[in-house]
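Accompanying notes for the structure given below.
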Amino acid sequence: MNPSDDGTSNLVKDLPDEIWERIFTNVSRDDLDLCTRMCRKWHRVIEGGSKRLTQRRVIYGLNFCRDPNARFWLKVTSQRRITIRVEDCPTRQNSGFYVFKNSILDCMGESVSDSEDIDLLEADLKKLCDLGGERIPVKSFILHYYLRNIGQLERFHHFFPYYVNAEDLMMDIPSEVIWNKESWKYFDFGPTTAVNIMTSFYSINVPRDVPSLKELVSGNFLVSPNFNKLELSHECNGVCFISIVEAFCKTTEPSKFFKEIDIHRCGFSEFNRIAEENGFEPVRQVPVLQPGGYLQMINVHRVGHPKLKWALEATMADKTLKLKIIEIAKELVIPSQNILDIESCMYCYFDFWKYFGPTTGYSLNWDIKTDFDFDSTNVPRDALSLKEFVSGNFLVSPNLKKLELFHECNGICFISIVEAFCKTTEPSKFFKEIDIHRCGFSEFNRIAEENGFKPVRQVLLEFSPQDRHKINVHRLDHPKLKWALEAIMRLRWAREWLYWRPRYKTLKLKIMEID
Amino acid sequence: MATESANGVSSPELNERDVVITTNDNRNFTVKIGVARVSKTINNMIQDLGESLDLSSGIPLPNVDGPIFEKVLEWCEEHKNAPEIKVEQDPHTRERKWFTMTEWEEEYFRKFLSHLWDLAMAANYLEIPSLYYYTCQKLAERIKGRTPEQIREMFGIEDDLTEEEKAEIRRTNVWCTY
């Protein structure tokens, strides 16, 4: 492989810095962490204040602990599973210990959920900020803390930007705070932080809150230039929906309008009629995942602004009404809305295969990229990778335990895994368990049967205390070896707002040796 | 592109005409102007010369040798009508999104595997963005997701850092645990 009549050893020295810099733009920050200690030249290129090497290390795990008897400590883990632990101690000060430098935290929020006291929340954030060396860089910050009154919101608004640099901020605001106009000036977290608000709209307060709602969504009264999404719940008779439509038709600055509004737990059943009465027309259809894992095509309704080139689009699925404001002139660049969150391809993890070290059994979370139109270019490529990956033949690690896949939609993953299993010569290296979440295909029994599975026994599964079902376990024997693959299709529950509801199907696959 | 008709000849016609390019080992290559223009450096020379361009006496390339230029020309021939490449990055990680290569391009790099750095240097000098970016991506493949030992072996890197320097690197970048 290695070329080298001209002496590879000189390659690093011969290639100009500029070209090395260009090469380094292709790798992750985790890779740069390794390269920077390889040799003097690479270190100079990487740390030399290059403006091109802007990539950020993604931090997945963030833990911290405050114990009255122990020190405060912070623990963070990168994509390459490198873990940094910092303890608060007197000698640490001014040591130039920048944990957050060139990093971004994927998500932050769970950790402050227990805080009852806003002072404690501030103290925690301050500590993290001090220990990490700079403002905590976060992709999405979810405030689980319930701000009870305007005073607390004002406090939060004051200290939050000092300690956290969030791209998205999600806040749960009680209705008595949000519908009071006095609170609105505290929702401005600057142009780089998109603000998302969740709140309730109780029907007993309709006369008082409706004018507030109209003004809030219209954007005309807002200080914040960066309102992104509003989530309302407990709408019961269409009053919110109609108010928002009215506010939209009257607004003179649609660019300041909330970009997205979700109304959860909509209690009104006649959405189509109400939409039509308010000037909406169905314009196209989108696929939506229904509870139970079925895909259904749903109408997108649209109403145009009476004067400006803007439109409001509405889709109603599973008792959630989604509203989106769109500039008609720019419509072409806005991708047609896919309600499901489908992202990231597996191939980027392909490179990580060799890092599933030999000692531990990692559980992996993968997203497989599939389009509902089935014109995805990635399916053929990734299905092949998937087969090789599950087969275990290419793996270094003898101890891969569980693989979790998402967004399977037409059985392709399932069939690929079955094929890989039937062909494998070393089932002991095969993944021991594979879960496929969000299965979009409804005919599991038929597909399983066609691929040689037979129901062998039944198991009793508890979905909720009131809901128990007997479910078939399907089994496929390996054509040559004494191994079998067992499959169960079960329903997953997920929390929506405050309630657990059946959300999507999960196909569980397990490999076992037959005595 | 503004001065495409510098010679008083319209662009499609000019693209069909031949130009002689001389590499630093005195080899002459007769190339269609449309192909040579994939290189912005050569394109600029042709435009700068304008009226005085003598197609037969040739354009000198003092920084490229014949064998490499031959390989570069192969790329230019294939990419003469290709649109400008789009460089995109992931908004969150700010990592460059990798280009998907065509069968032809994969085969091209397989064929010239041992000349990647020469191609990178030549593409940089000749300003051929597609070849430059793709070659750099190919070289980055040898770094991405690999262990320190693999990288060191792949590029034959000598460890020329002193212990003090290493300690300093570890101090300023806590993530550098290697």
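The values are calculated or read from the model by the stated rules, or taken from the named source; none is laboratory data. Treat the numbers as computed from the prediction; the structure is a model and nothing was measured. No Cβ is skipped: glycine too gets one built from the backbone with ideal geometry, and neighbour counts run over all protein chains shown. For accessibility, only protein heavy atoms count, side chains too; no ligands or nucleic acids. Shrake-Rupley method; radii C 1.70, N 1.55, O 1.52, S 1.80 Å.
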* To do: Answer yes if at least one residue in segment A:94-103 is closer than 26 Å to A:Thr83 by Cα, of a type in the set (Ser, Thr, Tyr) and assigned to a loop (DSSP other than H, G, I, E, B), and no otherwise.
  => yes
* Structure fact -> Scanning segment A:260-271 residue by residue, those over 15 Å from A:Lys324 (Cα atoms) and at pLDDT 80 or above turn out to be A:Phe271
* Asked: In the set B:Asn63, B:Asn81, which member is of a type outside the set (Val, Ile, Thr), within 14 Å of another protein chain (Cβ to nearest Cβ), surrounded by fewer than 17 Cβ atoms within 10 Å (Cβ to Cβ) and assigned to a loop (DSSP other than H, G, I, E, B)?
  -> B:Asn63
* Has segment B:139-161 got any residue that is open to solvent by less than 40 Å² (accessible area, probe 1.4 Å) and more than 7 Å from chain A (Cβ to nearest Cβ)? -> yes
* Asked: Do we find that A:Arg155 is in a loop (DSSP other than H, G, I, E, B) and basic (Lys, Arg) in this structure?
  -> no
* Assuming B:Lys97 fulfils every condition listed in (1) farther than 19 Å from A:Trp20 by Cβ; (2) at pLDDT 90 or above; (3) not polar (S, T, N, Q) apart from one, which condition is it? -> (2)
* Could you tell me whether segment A:61-84 includes any residue that is facing chain B (nearest Cβ under 9 Å) and closer than 20 Å to A:Lys126 by Cβ? => yes
* Asked: Does segment A:488-504 include one or more residues that are more than 30 Å from A:Met198 (Cβ to Cβ) and modelled with pLDDT of 70 or more?
  -> yes
* To do: State whether the residues of segment A:248-259 include one that is at pLDDT below 80, within 30 Å of the chain's Cα centre (by Cα) and hydroxyl-bearing (Ser, Thr, Tyr).
  => yes
* Asked: Do you know which residues across segment A:144-171 are buried (at least 17 other Cβ atoms within 10 Å of the Cβ) and either modelled with pLDDT under 85 or of a type in the set (Gly, Ala, Ser) (or both)?
  -> A:Tyr145, A:Leu147, A:Ala166
* To do: Report whether or not A:Gly49 is more than 9 Å from chain B (Cβ to nearest Cβ) and within 25 Å of B:Glu163 (Cβ to Cβ).
  => yes
* Asked: From the residues in segment B:117-138 that are within 8 Å of chain A (Cβ to nearest Cβ) and of a type in the set (A, V, I, L, M), which one is most open to solvent (accessible area, probe 1.4 Å)?
  -> B:Met121
* Return the residue satisfying two criteria in turn: it lies in segment B:92-116 and is polar (S, T, N, Q) and facing another protein chain (nearest Cβ under 10 Å), and of such residues it is surrounded by the most Cβ atoms within 10 Å (Cβ to Cβ). => B:Thr93
* Asked: Within segment A:104-142, can you find the residues that are in a strand (DSSP E or B), surrounded by 18 or more Cβ atoms within 10 Å (Cβ to Cβ) and modelled with pLDDT of 85 or more?
  -> A:Ile104, A:Leu105, A:Ile136, A:Pro137, A:Val138, A:Lys139, A:Phe141, A:Ile142
* If A:Arg56 passes every condition in (1) open to solvent by less than 10 Å² (accessible area, probe 1.4 Å); (2) modelled with pLDDT of 90 or more but one, which one does it miss? -> (1)
* Asked: With respect to A:Cys35, is the statement that it is closer than 14 Å to B:Trp175 by Cα and facing chain B (nearest Cβ under 8 Å) true?
  -> yes
* Considering only residues that are basic (Lys, Arg) and assigned to a helix (DSSP H, G or I), look in segment A:1-53 and name the one that is modelled with the lowest pLDDT. => A:Lys13
* Residues B:Thr102, B:Thr93: which one is over 16 Å from the mean Cα position of the chain (by Cα), over 30 Å from A:Thr192 (Cβ atoms) and without any contact (Cβ under 8 Å) to a residue 40 or more places away in the chain? -> B:Thr102
* Asked: Is there any pair with a first residue in segment A:405-420 that is in the same structural domain as A:Lys508 (by TED's automatic domain parsing) and modelled with pLDDT of 80 or more and a second that is open to solvent by 20 Å² or more (accessible area, probe 1.4 Å) and in a loop (DSSP other than H, G, I, E, B) whose Cβ atoms are under 7 Å apart and which are 6 or more apart or on different chains, and what are they?
  -> A:Ile415/A:Asn451; A:Val418/A:Asn451
* Structure fact -> Per the filter on segment B:95-143, residues among the charged types (D, E, K, R) and under 27 Å from A:Met38 (Cα atoms) are B:Glu95, B:Arg96, B:Lys97, B:Arg110, B:Asp118, B:Lys138, B:Glu141, B:Arg142
